[in-house]
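Below: the structure, in structure tokens.
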Amino acid sequence: MKQMSLKKKRSLIGLSFLSPWIIGFLVFTAFPLIYSLFLSFQKVKITPSGIKTDFIKFENYVYAFTVDSQFTAILIKFLRELLISTPIIIVFSLIIALLLNQPIRMKGFFRTIFFLPVIIASGPVITDLMAQDVTSIPSIEEYAIFATVLSSTGGLLNTILVYLMDNLIIILWYSGVQILIFLAALQKTDKQIYEAAKIDGASNWECFWKVTLPTLYPMIIVNLIYTIVTYSVFALNPVVDHIQANMFEISTGFGYASALSWMYFLVIAFVLAVSVGVMAARGNKKYN
Amino acid sequence: MLDTRLSHAQRKRIDKYSTKAKAYLLGVQGNNGLLFKLAVYSLLIGIGFVYLFPIIYMGSYSFKSLEDLLNPLISWIPSTFYTENYQVAYKVLNLFPTLLETLYVTVIPALAQTAVAAVIGYGFARFEFPLKKILLVLVLITFIIPPQVLLIPRYVFFNELELIGSILAFLLPALFGQGLNSAIFILIFYQFFRMMPKALEEAAHLDGAGNFRIFITIAIPMAVPAIIISFLFSFVWYWNETALASLYFGNALTTLPIELGKFNATFEQLYAGDTSTQNINEGISMAGTMLSILPLLIVYFFTQKWFVEGVDRSGITGE
């Protein structure tokens, strides 16, 4: 009996440490989440006496796909950019982490450089840099080889290449945290595995595919989630802009903006679920 | 022709040199040869340059006068040390008052967020209670909910309470563990407190110290690294947040990044109809950008070790 009450007391104390979070979660996250779902089915009017809502069923959602010509276009553009950028960010940060993991001098200096964008990259700074046209690799478009590559490829591949060239530095700037996550994981892997593999005659190349990549696999999934989330909530994101613009539009208002934000949330959740699901399934099949 | 005339001894010597050269160039273990190192360094330096290119460009252009900007012969190094751009940008940004305001709306929420994340992380790490797993999963889920979904209800809520335009719009969510990326900070503290040895706390417990006292006098002093890391990240993230800040603060409060976003408009307002001064040019806007990131660059210069270690210590890589 005494044992039980002691256990109970400990759990009560634990919950009291958590109480700020529980209250906050209910007030600032759970309630707003439900309230915005509620608003998304309403026509919201702001009157001097407060907010007035009229239930209009799915009209806001229908409006987004029929009347609002911008939303679908922006959303598709965003998804396409996300699909292009995420793999690049992951692969690039993996390469940088592998390079930094080599026995080289000035490791700290290079790490400092690659993390710098995380510190300074706010929306207005990036907008300014884009306005100055310094976000693409310097004078890359002047090289003849790119002109020929561009003219010989058509359609989708072409748009991908142009997008990449124009935004390469910004895409790379997203990878600061991911590099450090990979690097931390690399430094924690046991060196003996590599020695054993080397004795068995594995080359560097084989070591990477057979030893490094499987050990890093969970971190790839972590980075995938981190990349998708930060990419989709970044201030420069056109979808985010569109939602905020519609908030204070007389004809649309809070109700429509809520509907947009919920659709956006569902799309991100779907992308996360699919990409993480596919990666996890692949990892299970290959490495377990 | 030559090698046929080589004596056996000579050939042996050449063999020896060539293995030595091979070892020197390619390395014995595969990753310590000269060629390998050369490749690694050149890749790192090349990519590093591309990475820093926008910042170098910014620095160079911000010191260029109009003549330099128009002169095609001058590409990187301005002809004179020209600081007029900075003087204009300083005026447009209203630097010191804005900086003080920015610090006010970033440091206080960052402190609150760190303190609360420490308490919550400690609760998760040190106590067992029902639904603990589910609550932890909920913490993680709050990370993936885009702020835009919560934005409108929170805005309505703060509007009712007349908190729009006050720091409380940032501070209140932070105080309850729902601030910007709070989930990450809770996880950092959770990992940190979980790895701390239990023995000290047990000893204090036997001496009759209460749980709260143990937390304040034993756990917190040991968690100083996690506190510094959380505070720094939180500070930088709040600083760079402009979408939420401009909405919650309205016209009452401003931050340097918000002022930078309005840079062109403010410039025109200040110099409208003043024909003696120049129009806005690349140099001035780059100087403005430079001034707005300078405080963060200084902070980063002194604290970069903590930022870099922070990711290590967050424990996501598994201990």
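Below is a table of values for the structure above.
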{"read-out": "Residues with amide H under 5 Å from that of B:Thr242, placed H, sequence gap 5 or more", "value": "A:Gly123"}
{"read-out": "Table column - 3J(HN,Hα) (Hz), region A:220-233, Karplus curve with 6.51, -1.76, 1.60, x for Gly and Pro", "value": "5, 5, 4, 5, 4, 4, 4, 5, 4, 5, 5, 5, 7, 9"}
{"read-out": "Cα centroid of region B:45-118 to Cα centroid of region A:1-67, whole Å", "value": "40"}
{"read-out": "Kyte-Doolittle at least 1.0, axis length at least 27 Å by Cα - qualifying DSSP helices, chain B", "value": "B:34-62, B:95-126"}
{"read-out": "Region B:60-173: C-alpha gyration tensor shape, a/c 1.5 cut-off, then a/b vs b/c", "value": "prolate"}
{"read-out": "Segment B:His8-B:His205, extension gain: residue separation times 0.36 nm, minus the distance between their alpha carbons", "value": "62.8 nm"}
{"read-out": "Debye intensity ratio in log₁₀ form over the Cα atoms of the protein assembly as shown, taken at each q of 0.09 Å⁻¹", "value": "-0.85"}
{"read-out": "Computed over region A:41-118: relative contact order in percent, which uses C-alpha pairs under 8 Å that are six or more apart", "value": "15"}
{"read-out": "With eigenvalues of the C-alpha gyration tensor scaled by 5 and rooted, region A:62-287, Å", "value": "36, 22, 18"}
{"read-out": "Inter-chain shielding of B:42-51 (mean C-beta neighbours from other protein chains, 10 Å cut-off)", "value": "5"}
{"read-out": "Cα gyration tensor category, rounded, prolate or oblate, for chain B with a/c compared to 1.5", "value": "oblate"}
{"read-out": "For A:Gln42, distant residues with modelled amide H under 5 Å away", "value": "A:Ile56"}
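Only the coordinates and a few stated rules stand behind these numbers; no lab work does. Since the model is a prediction, treat every value here as computed from it, not as a measurement. Glycine also receives a Cβ, built like all others from the backbone with ideal geometry; neighbour counts cover every protein chain displayed.
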